[in-house]
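*Asks:* Supplied in structure tokens, the structure appears directly below.
The values are calculated or read from the model by the stated rules, or taken from the named source; none is laboratory data. Predicted, not measured: the structure shown is a model, and the values here were computed from it. Here the Cβ positions follow ideal geometry from the backbone for every residue, glycine too, while neighbour counts run over all protein chains shown.
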Amino acid sequence: MEYSILEKKNCVIVAFRGKIMGGPDSAKFREEINGFIEDGKVNIIGDLSEVEFMNSSGLGVMIATLTSLRKKDGDFKLCSATDRIKSLLRVSKLFTVFDMYDTLDEAIKAYQN
């Protein structure tokens, strides 16, 4: 699981790349998310524009992140999902659980309100 992190306005943006499949790489990601939570940074956006594939373990990582953030009055919004990832989120019914945005700017604006 590859990703980069950028802080912009009052948000932490996680730009995922390639495949999101859970596994050992997801443990590092969870540690980073927990660090942000400890620092009070609970407005996080997952940019999915460069995600090629996500399996059920990857979906589990997304759900665990959302759950952890909501427990701390935060949120994990998703943006820029490819058609393939949108289809996966529709089939799994997770599009009803996550706040989804077409662009990164729209997701950032949603935290400004």
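Here's the yes/no breakdown for (1) touching a residue at least 12 places away in the same chain (Cβ under 8 Å); (2) surrounded by 14 or more Cβ atoms within 10 Å (Cβ to Cβ); (3) over 10 Å from the mean Cα position of the chain (by Cα):
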position: V14; (1), (2), (3): yes, yes, no
position: I20; (1), (2), (3): yes, yes, yes
position: A27; (1), (2), (3): no, no, yes
position: I37; (1), (2), (3): yes, yes, yes
position: V42; (1), (2), (3): yes, yes, yes
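*Asks:* Using the structure shown, decide if F16 is at pLDDT 95 or above and part of a helix (DSSP H, G or I).
*Replies:* no
*Asks:* Please go through region 75-88 and give me each residue that is in contact with a strand residue (DSSP E or B) (Cβ under 7 Å, 6 or more places away or on another chain) and of a type outside the set (S, T, Y), ordered by number.
*Replies:* D75, F76, K77, L78, C79, A81, I85, L88
*Asks:* While we're looking at this one, here's another question. Identify, from the list L48, L78, L59, L6, the residue that is part of a helix (DSSP H, G or I) and without any contact (Cβ under 8 Å) to a residue 40 or more places away in the chain.
*Replies:* One residue alone meets the criteria, L59.
*Asks:* Do you know which residues across region 67-98 are surrounded by 17 or more Cβ atoms within 10 Å (Cβ to Cβ) and closer than 23 Å to G23 by Cβ?
*Replies:* Matches in region 67-98: S68, L69, F76, L78, A81, I85, L88, L89, F98.
*Asks:* State yes or no: is A64 buried (at least 16 other Cβ atoms within 10 Å of the Cβ) and in contact with a helix residue (DSSP H, G or I) (Cβ under 9 Å, 6 or more places away or on another chain)?
*Replies:* Yes; evaluated as a whole, the condition is true for this residue.
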